[in-house]
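Step one of this worksheet: look at the structure below.
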Amino acid sequence: MFRRRLAGVLAAGVATAALLTGCGGDDATADGPVTLKVLTWEPGGTEYWKQVKTTFEAGHPDIKLEMQSVPFDKYPEVQGPYITSQSGPDVMANNAGLELFDRRNAYVPLGAKAAEINKDLVTYSGACEGFDTSKPCYGVPFSYQGNVLYYNKAVLTAAGLDPEKPPATWDEFGAACEAVKKSGKTCLALGLSGTFPAYWDFPEIARNYLTEEDVRALLAGKLSWKDPKLVAVLEKLAEITTKGWTNKNAPSITMLPDGADIFQRGDAAFAGTIISDAVNWEAFGKALGDDKLGVTRWPAIDPAAPLAQKFSGIEGAVYGVTQWSKKKEAGLEFITWLAGKENGELWVKHAKGQPLNKNVDKALLPSSPAFLKIQEFVAAPTLHAGVMLSGPEADALARGWQQVTLGQLTVDKWADQMQQALERSPTKKQTK
Amino acid sequence: MTISTAPVAEPAAADAPTAPARPPRRPAHAREWWLGAALVLPALVLALLFKVVPLVRGVITSFESSSGFGGSEFAGADNYTRMFDDPMVLTSFRNALLVVATLPVWIVVPLVLALLIHQRAPGWKFFRAVYFVPYTIAPIVVGIMFRQILSPDGPVNALLRGVGLEPLAIEWLNGRNSALFSLVAVALWSFFGLGVMTYLAGLATIPEETLEAAYLDGAGFFRRLWSVVVPMLRPTVAYWSVLCASGVLIWLFPLIYALTQGGPGDATMLPEYLVFLTTFQFLDRGYGSAIGIALFVFVALLSIFSVRHMFTEGTRKPR
Amino acid sequence: MNARHSARIGRYLLTFALVVVAVAAVYPLLFTVVSSLKTQSGFANDPLGLPAGITLDNYLEAFRRMDMPRLLLNSLITTLGGLVLSVLAALLVAYAVTKLRFRGGKVVFLLIIVTLTIPSQAIIYPLYQTVLDLGMSGEYQGLILAYAAFGLPLGTYQLAGYFQQVPDELIEAARVDGAGHLTILFRLLAPIATPALAALAIFNFVWMWNDLLLPLVIMGGSDSKTLMVGVSLLSGQYDVSVPLVSAGLIVALLPVLVIYLVFQRQLVAGALAGSGK
C-alpha cells in the first residue's frame, strides 16, 4: 500500500522535474549573429579581454562573444563537468603541456589547418601532442610564457653586491643570499603552496640535470622519480629552503599573490616568477621602478649542462574549439583571429605580455630594460619541464617541499612520494 | 517558471478543502492524504533531485575507474580498498576527527558569551549586535582577510609581541598542529555569533525569575548554571550541536581553500578538500567519489544522534 | 558591603570580557576596511597602521573590473528565489507532517532532514552533472532550486518543531469556522511562526548570499554569476594587490551587513522569539 503511494509521489516528482527541464532551455538560435560561448580565466586581465571582445566583434559582425570568466584557481571545477558531460562552451582554454593533453578529447583537432592558422607564431608546438607539430594540434596559443629571476637592485646594493652583476652560478647565489640575509632582508621570496613550485621553480633546477629527451620522458611518465637525475633536482630544491635563503613562511603561502608581494614591497632581493600574464617586469617595474628592477636567468648549477643556458619556454593558454560545439565554424574563426596580428598587438598593449605573433608592430613593444633583457633569454628556448607534470605530481612536489623545509621529510622519501604520485596520474600510468 | 513549483501545488489544494467542510468521514481522510502528498511534493522533488540523485550518482561513480576525461569502467570496490593504503586519505580523516574533537568548544564558547550578554551588562545590546557581524561575512572573504591577519608580521603577532608574549608569535600556518588549530579558530570566529544568537533565543524562553535566582547569588554561580540553566536550555543546545556537528567540516572548506590548501604537507588536509583535489586536480573521478562517499558516511555517523533528535522534536506532540 | 564590592568587580570583569570579544569580532573587518583605503605602496610600507592618506581608487578599480549592478542583481535574484522557495516548501511540508492525517508523512520528514548529512562538497560533481542534465546550468532556476534544496532540511525541522507546539484544537476551531487548509497555514500558522520565519530568513539569506561552491559550479562563469563569484574572480587574478582585494571584499560583504544592521532589531526579536517555547 505504502509502496504504491510512494511510487505515485515519485512519478509526480519526475513529472515536475520534466516540466522544469522543459522550461530550462532557452536556445534562441534565431537568424541573428552566432553567439560563441568562450570559457576563460582571463589571462592578461579583464581589460585585455574587454578589448578582445569589442575588437573581434567589430571586425566580425556575424559573431558575438559571450565570455564566461572563471577565477584562475577555480577553473578546473567549472571545466571538468563540462568535459565529462560533453556540453558547455564553444571555445575554451587550457595551459599548454600536460594540462591540455589530458583534456585533448574535449577539443577538435585542427588537422591540416593548424599550420595555416598558426603560421605567424614563433612556436605553437605546445598545442600539439607530444610537442610535435606533425602530430594533432588542438588549439591556438598567442602568448609566450616562462620563468626568470627578477631582482631588486636597491636590495643588492644595500647588501654590498653589484646590482649589474647578479649571481650566475649556484655558489654565487648562495654567497649573495648570505649577504642579503646579513642586511636584514629576505633573499628569495617564495611560496610553496599550490602548483607554483612545479611550474615556476622545478623547471629551472631541472634544466641543469635533464636533457630534452629526459623532459619528453617525464611527459610520457617513463622517467622515474627515483632516477638519480630527478633526485638531484629535488635535493637542490630542498637546499633553497633548508639553507634559509627564503622567507620563513614559505611552506604555508602561495607564490601568488603573497610570495610575489614580499618582493613587490621591496622586502626581498630575488623572486622567481614569469614573463607574461602578471607578476612580470611590468608589474614589478610599476611597484619598484623600472630602474630598480633587474632580471636574470636562474643561477646555473652546472653551467656545462646542455640546457643550462636555455630558456624553459612554453606557450601560454591554448584556446581550442570544443568537440560538442554546434558552432565550430565560428569558433575556428575566433581562434584563428586570436593567433593573428591584431590580437597579438592587443596582447602587447593591454596585457603587457610576451607575444607569439612575429608580425606585431615593433613600435608597440615596451622599452623597459627588463623586457629587452628578456628578449635575449627567449631567443634560445627549450622545453619547459614543469608543464610535463601531472596534477598529482605537481601537488606532491609542493607538499613534499613544504615538509622537507619544515624538517618532516627526507629528500629520498619525497622522491618516493613523487613516484607514487606519478603512478596515480590518470594519463601517465597508462603510457607506462 | 521555477518559482512555479510551489504555487503549482497551491490552487489544487486551495479549492479542495473549502467546498466540503461537512464530513462524510472516509473520503475526507483520503482527500487529506492527497492534500498532504501535494504539499510535500515540492520539497520531496527538491530533496530528491538535488541531494539524493547526486548522492546515488556519486555512489555509482565510486565503483568505477576513470582515467582522466576518457571513459570509465566498472572497478568493483577497488577505489574503496585503495583508500586504506593511501596515507593522505587516512591523514585527512584523522584531521577530521581532530576537528570534531573541538566540538565541545564550539558548543560552550557561544553559550558562555550568551550568558554573559544575558546578564544585561551595560551596552549588552551593542555586544549582541556586534557578535553577529562575523557570521554575516562570507567564508571565502574571511579566508582572504585572515591570510593577512595571521601572516608572520600581521596584527595577531604584532599584538602578541606588543604585550610581551614574543614566544607565542609563531608562524601560525606553518606548524603541524598550529595550522589546523588556526583554521578551526578562524572558523569559530566566523560562526560563534550565530551560536550566541541561537542561545540568546533559547534563554529568552526561560522565565526571568529562574534566571535571576541563578545569577544573583555569586556563590555557586557555575553550579547553578550547570544544574538549573543548562538543563532548561537543552533543546537549544541540542539544536546548535546539530548545526555544528553537521556543519563544522563544511565550514572549514573555504578556509582551507583560501588559507592553506591542505598544507603544509598534509597538516590541514580534510576529506572534503581531498575530494575536491582528487576530482578536479587529479582528474580521478572514481576515487574522488569514493572519498566523497566515505565523507558522507563519516558525517552521517556523526550526526545520527542529531537527526534522531530532530526527528523526534519535529514529530512529537507536546505534552 | 563586601558582596557588593565583589559584584562590582564582577561587573567590570564581565564588561571587559565582552569588550575583548567584541574587538576580536570587528577588528578583522576594520583591518580590511583600512587596507582597502591604502595605496599599494602605502600598504607595503605599513601594512598594520592607519593609512597616511585615504584613497578611494581601490573601490573605483573594483567597480571598473566588476559589472557591479549585474552581479548585485544576480545575487539578489538567486538568493531571494532560493530563500522564498525553500521556506515555502518547508512550510508546506511542516504543515502536512504535523497537522494533517497524512500517512507516510514521517517518512518524508525523515528523508528531508536526513539530507542534512549530505555535504555539498561530497556530491558537488554529480550535482553539477544533474543540473546539466536538467538543462539548468548557467540559469537562475538551477541555482535557485539548488539553494532551496540545501536550505530545506533545517527549515523543515524548525517549522515542524514550531507547528508541533500549536494545539490541534486551535486548528480544529478554525476548521469548524470553515477555514481551508491553506487559509489555516498562511493566515493562522504562518503569523504565529513569524519569529521562526524571520530567523530562518536571515540564516538562509546569509549563507545563500555568501555561498561560493554552488554558484560557481552551477553558474559557471556566465553573465548570471553571483557577486561572490565576481569577487573571487577579482582576487583570483594575477595582478591584484591586497588593498584592491580588500576593496572588493568590502563591496561584497556590504549588502549583507547593511541588511543586517537595518533589520537588526527585528531579526534579533525574531530570533529571540523564534526558538519557540
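The values are calculated or read from the model by the stated rules, or taken from the named source; none is laboratory data. Here the structure is a predicted model, which is why all the values come from computation and not from measurement. Positions of Cβ are generated from backbone atoms using ideal geometry, with glycine treated the same way; all protein chains shown enter the neighbour counts. Just so you know, the surface numbers come from the protein's heavy atoms only, side chains and all, with ligands and any DNA or RNA stripped out. Shrake-Rupley method; radii C 1.70, N 1.55, O 1.52, S 1.80 Å.
A few notes on this one:
- Of the residues making up the range A:266-280, those that are open to solvent by 10 Å² or more (accessible area, probe 1.4 Å), at pLDDT 85 or above and either charged (D, E, K, R) or touching a helix residue (DSSP H, G or I) at 6+ places or on another chain (Cβ under 6 Å) (or both) number 1.
- Residue check, C:ALA62 in contact with a helix residue (DSSP H, G or I) (Cβ under 6 Å, 6 or more places away or on another chain), within 14 Å of chain A (Cβ to nearest Cβ) and among the small types (Gly, Ala, Ser): yes
- The lone criterion from (1) at pLDDT below 70; (2) more than 8 Å from every other protein chain (Cβ to nearest Cβ); (3) not in a helix (DSSP H, G or I) left unmet by C:ASP239 is number (2).
- The number of residues in the range B:283-298 being among the charged types (D, E, K, R) and either open to solvent by 30 Å² or more (accessible area, probe 1.4 Å) or assigned to a helix (DSSP H, G or I) (or both) comes to 1.
- Condition broken by B:PRO207, with the remaining ones in (1) surrounded by 15 or more Cβ atoms within 10 Å (Cβ to Cβ); (2) at pLDDT below 80 satisfied: (1)
- Residues in the range C:39-56 that are within 21 Å of C:ALA252 (Cβ to Cβ) and surrounded by fewer than 16 Cβ atoms within 10 Å (Cβ to Cβ): C:ILE54, C:LEU56.
- Contact map, the range C:22-45: first residue assigned to a helix (DSSP H, G or I), second residue among the charged types (D, E, K, R), Cβ cut-off under 6 Å, separation 6 or more or different chains; pairs are C:ALA44/A:ARG265.
- Test: A:ALA179 is more than 25 Å from A:ASP73 (Cα to Cα), open to solvent by 10 Å² or more (accessible area, probe 1.4 Å) and modelled with pLDDT of 95 or more: yes
- The range B:257-282, subset assigned to a helix (DSSP H, G or I) and of a type outside the set (A, V, I, L, M, F, W, C), residue farthest from A:SER252 (Cα to Cα): B:THR279
- Of all the numbered requirements in (1) crowded, with 21+ Cβ neighbours inside 10 Å; (2) modelled with pLDDT of 85 or more, A:ASP291 misses one, and that requirement is (1).
- Qualifying residue in the range A:372-379 (condition: at pLDDT below 90 and out of contact with any strand residue (DSSP E or B) (no Cβ under 9 Å at 6 or more places or on another chain)): no
- Only one of the numbered conditions (1) at pLDDT below 95; (2) open to solvent by 10 Å² or more (accessible area, probe 1.4 Å) is not met by A:ARG207, and that is (1).
- Out of C:LEU14, C:LEU76, C:LEU18, sole residue that is hydrophobic (A, V, I, L, M, F, W, C), open to solvent by 60 Å² or more (accessible area, probe 1.4 Å), more than 14 Å from chain A (Cβ to nearest Cβ) and assigned to a helix (DSSP H, G or I): C:LEU76
- Considering residues of the range A:105-115 that are surrounded by fewer than 21 Cβ atoms within 10 Å (Cβ to Cβ) and under 10 Å from A:GLN323 (Cβ atoms) only, the residue nearest to the other protein chains (Cβ to nearest Cβ): A:ASN105
- Qualifying residue in the range B:300-310 (condition: open to solvent by 20 Å² or more (accessible area, probe 1.4 Å), at pLDDT 85 or above and either outside any helix (DSSP H, G or I) or on the phi < 0 side of the Ramachandran plot (or both)): yes
- Residue check, C:LEU197 more than 7 Å from chain B (Cβ to nearest Cβ) and either among the acidic types (Asp, Glu) or closer than 20 Å to B:MET197 by Cα (or both): yes
- Taking helices (runs of 4 or more DSSP H) as the structural unit, those lying wholly within the range A:167-286 and holding at least 3 residues that are within 26 Å of A:GLY391 (Cβ to Cβ) and free of Cβ contacts under 8 Å to residues at least 40 places away in the same chain correspond to A:212-220, A:228-242.
- Checking each residue in the range A:74-96 for being touching a helix residue (DSSP H, G or I) at 6+ places or on another chain (Cβ under 8 Å) and away from chain B (no Cβ under 14 Å) picks out A:PRO89, A:ASP90, A:VAL91, A:ALA96.
- Taken over the range B:225-268, the criterion of being open to solvent by 10 Å² or more (accessible area, probe 1.4 Å) and at positive phi is satisfied by B:GLN261 alone.
- Only one of the listed residues (B:GLY58, B:GLY36) is of a type in the set (Gly, Ala, Ser) and either in contact with a Pro (Cβ under 6 Å, 6 or more places away or on another chain) or more than 7 Å from every other protein chain (Cβ to nearest Cβ) (or both). That residue is B:GLY58.
- For the range A:365-387, taking the residues that are aliphatic (A, V, I, L, M) and surrounded by 13 or more Cβ atoms within 10 Å (Cβ to Cβ), the one that is farthest from A:ILE274 (Cα to Cα) is identified as A:LEU365.
- Residues that are farther than 27 Å from C:ASP223 by Cα and β-branched (Val, Ile, Thr), drawn from the range A:80-133: A:ILE117, A:VAL122, A:THR123, A:THR133
- The single condition among (1) crowded, with 18+ Cβ neighbours inside 10 Å; (2) in a helix (DSSP H, G or I); (3) over 22 Å from the mean Cα position of the chain (by Cα); (4) free of Cβ contacts under 8 Å to residues at least 40 places away in the same chain that B:PHE84 does not satisfy is (1).
- Within the range C:98-110, the set of residues being touching a residue at least 12 places away in the same chain (Cβ under 8 Å) and facing chain B (nearest Cβ under 7 Å) comprises C:LEU100, C:VAL108, C:PHE109.
- If the condition is being of a type in the set (Gly, Ala, Ser) and more than 9 Å from chain C (Cβ to nearest Cβ), then the range A:261-292 contributes A:ALA268, A:ALA269, A:ALA271, A:GLY272, A:SER276, A:GLY285, A:GLY289.
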